[in-house]
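Remarks on the structure that follows.
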Amino acid sequence: MNTKKRLATIWLDGCSGCHMSFLDIDQRLLALAEKVDLVFSPLVDQKEFPADVDITLVEGALSTEEDLHKIRAIRERTKVLVAFGDCAVTANIPSMRNPFGAEAMLKTVYLEKDALNAQVPTQVVPKLLENAIPLHQAVNVDLFIPGCPPSAETIFFALSELVEGRIPDLTQLTRFGA
Ligand code: SF4
């Protein structure tokens, strides 16, 4: 019987820096791989977010209607949902547009800054939410891992606890100097 935890990772409105920090776990990824199956991630070729995921790390804020749709589906299919990094925890960098509103930002980017092809896209590009928001404003979050990005030590500690079925106490991280 396969006792490995089913782990997923995804980035929404993030820069991928949190995932790069995840890879900075380096050789400890091998130890982790003995305890988890990576069932969905930008790092693997899996198109559909699967059912029955034990742990999902979500990088990035929610900035579009598509992000909202995705996070609700992920929440339904995940036991422990982790807000992974400051963009997921607070909306961080993506929220810098919030004081101006979505329409003003689209106008500036697509109409005022693009003299050659001035038009706001209405197809393919997902519709922006009025504000970029953190995950917990849309779904229940089980664990918050702050940092921009969180350090590899923080991520490894958190995952090591989660795969053992524990919600990590991140205050313990002072012993790693993280
Ligand atoms: S928290 Fe920082 S590193 Fe992570 S996605 Fe946001 S900006 Fe990038």
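Only lysine pairs 8 or more places apart, or on different chains, with alpha-carbon atoms under 22 angstrom apart are counted in the range 62-175, and they number 4.
From the square roots a ≥ b ≥ c of the eigenvalues of the alpha-carbon gyration tensor of the range 55-94, which class results: rounded (a/c under 1.5), prolate (a/b over b/c), or oblate? The shape class here is oblate. Shape class for the range 1-60: oblate, because the ratio a/c of the largest to smallest gyration tensor axis (alpha-carbon atoms, square roots of eigenvalues) is 1.5 or more and b/c is at least a/b.
For the range 1-155, the antiparallel share of DSSP beta bridges with both residues in that region comes to about 15%. Of the peptides 32-41, 160-169, 17-26, the order by per-residue mean of other Cβ atoms within 10 Å, starting with the highest, comes out as 17-26, 32-41, 160-169.
For Lys35, the aspartates and glutamates whose Cα comes closer than 15 Å to its Cα, not counting residues fewer than 8 places off in the same chain, are Asp54, Glu161, Glu164.
Using equal-weight Cα scatterers in the Debye expression, the normalised intensity of the range 60-121 in log10 at q = 0.15 Å⁻¹ is -0.61. Rounded, prolate or oblate, given the Cα gyration tensor of the chain, with a/c below 1.5 counting as rounded? In terms of gyration-tensor shape, prolate.
Dividing the Cα radius of gyration of the range 7-108 by 2.2 N^0.38 Å, with N the residue count, gives 1.17. Here the contact order of the range 34-117, divided by its residue count and restricted to Cα pairs under 8 Å and six or more residues apart, works out to 26 percent. Here the contact order of the chain, divided by its residue count and restricted to Cα pairs under 8 Å and six or more residues apart, works out to 26 percent.
In the range 5-130, a dipole from Cβ-located charges (positive for Lys and Arg, negative for Asp and Glu) runs towards its positive end, and of Thr9, Ala118, Ile25 it is Thr9 whose Cα lies farthest in that direction.
For a modelled paramagnetic label at Phe100, 7 Å from Cα along Cα-to-Cβ, the residues of the range 133-155 in reach, with backbone nitrogen under 17 Å, are 133. Helix content alone sets the calculated 222 nm mean residue ellipticity of the chain: runs of n ≥ 4 DSSP H residues at -39500 (n - 2.57) each, divided across all residues, give -7000 deg cm²/dmol.
Quick note: the coordinates plus some simple rules give every number you see, no bench work behind them. Since we're looking at a predicted model, the values are computed, not measured. In this analysis, Cβ positions are derived from the backbone assuming ideal geometry, glycine residues included, and neighbour counts consider all displayed protein chains.
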